[in-house]
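Working notes, beginning with the structure itself.
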Amino acid sequence: MGRYVQVEPNVKVYVEDIGEGTPVLFLHGWPVNYKMFEYQLNVLPNHDIRTIAMDFRGYGLSDKPSTGYDYDRMADDVRAVIDDLGLKDAVLAGFSMGGAIAAHYMARHQGHGVSKLALLSAAAPVFTQREGYPYGLTPEELNEQIIEPIFADRAKLLETFGGMFFAKEHSKPFMNWFHALGMEASSYATISSAMALRDEDLRGELETIQVPTAIFHGKQDEICPFEFAEQMHKAIPTAELVVFEESGHGAFYDELEKYNAELIRFIQS
């Protein structure tokens, strides 16, 4: 069932909510939307899991305001959804940018309504290099390779980005579908969110996470290098690391059966 949640005056976000049982709220990555979780939405409700996925502002079916793409505002939008749905003891599962926002939510809102955390190929603790953190792109490289090309040819940039997503070769129709998800976002949301990815730093927040946490990460991830997972695993006292040896950034499809099985195990444990 789909519904809209008002997160601030004149801004609503879309939420897909299916099944009954333990609630899991999925947060998608840049630059796609909730539909990226199709192959989880197909399976998890059959295991007594209430499967919920939201579109961030600017993406998918949500409203697309010109502002509000920093991690604080996006985490506040998640809080509005959790409160509107009355979620308690939920699993918060964030992918890539959504993983960074999920981690920030836990610090900013003291884990309100959340009893477990799943960080899925998360863009955390920091997406770009800085002093003491030599992983990922430099801020300058992100500007040159991602932000500036959006202004020139967003469709081409997203095709290039999508080509880096998976370690395995998938069908052309699947890749066309995945590319189309990114084109549903507003161009200015993709730009502003990429700037947030470039600038935000969660290193001081991860140690505050106290709930059971699963870190899912592909060993061959070219977008959020595996070192990200190792850094999160060191920083979060309650974390377990689930490695996907044959996967890139898109472990949710590269190793679909294992991914779903591990998700169900973690949710039900």
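The values are calculated or read from the model by the stated rules, or taken from the named source; none is laboratory data. Predicted model only: the values in this text are computed from it and were never measured. Quick reminder, even Gly has a Cβ in these numbers, built from the backbone with ideal geometry, and neighbours come from all protein chains shown. Note: accessible area is taken over every heavy atom of the protein model, side chains too, but ligands, DNA and RNA are not part of it. Shrake-Rupley method; radii C 1.70, N 1.55, O 1.52, S 1.80 Å.
Odds and ends about this structure:
- Gyration tensor verdict on segment 189-238 (Cα atoms; rounded if a/c is under 1.5, prolate if a/b is larger than b/c, oblate otherwise): oblate
- Each residue of the chain gets 110 Å³ once the volume of the Cα convex hull is shared out per residue.
- Taking segment 2-268 and dividing mean pair separation by its residue count, relative contact order in percent (alpha carbons under 8 Å, at least six apart): 20
- One quarter of the convex hull surface built on the alpha carbon atoms of segment 1-127 amounts to 6.9 nm², the projected area averaged over directions.
- Rg to Rh quotient for segment 55-116, alpha carbon positions, Kirkwood Rh: 0.95
- A simple packing score, the average count of other Cβ atoms within 10 Å per residue, orders the peptides 172-179, 141-148 as 141-148, 172-179, with the highest score first.
- Expressed to the nearest 5 percent, the antiparallel share of DSSP beta bridges inside the chain is 30 percent.
- Global form of segment 122-269, assessed from the alpha-carbon gyration tensor, a/c cut-off 1.5: oblate
- When the pairs K64/K258; K64/K219; K168/K258; K12/K116; K35/K168; K116/K172 are compared against a 24 Å limit on Cα-Cα distance, K64/K258; K64/K219; K12/K116; K116/K172 fall above it.
- With every protein chain in place, segment 103-257: carbon and sulfur % of accessible area (1.4 Å): 49
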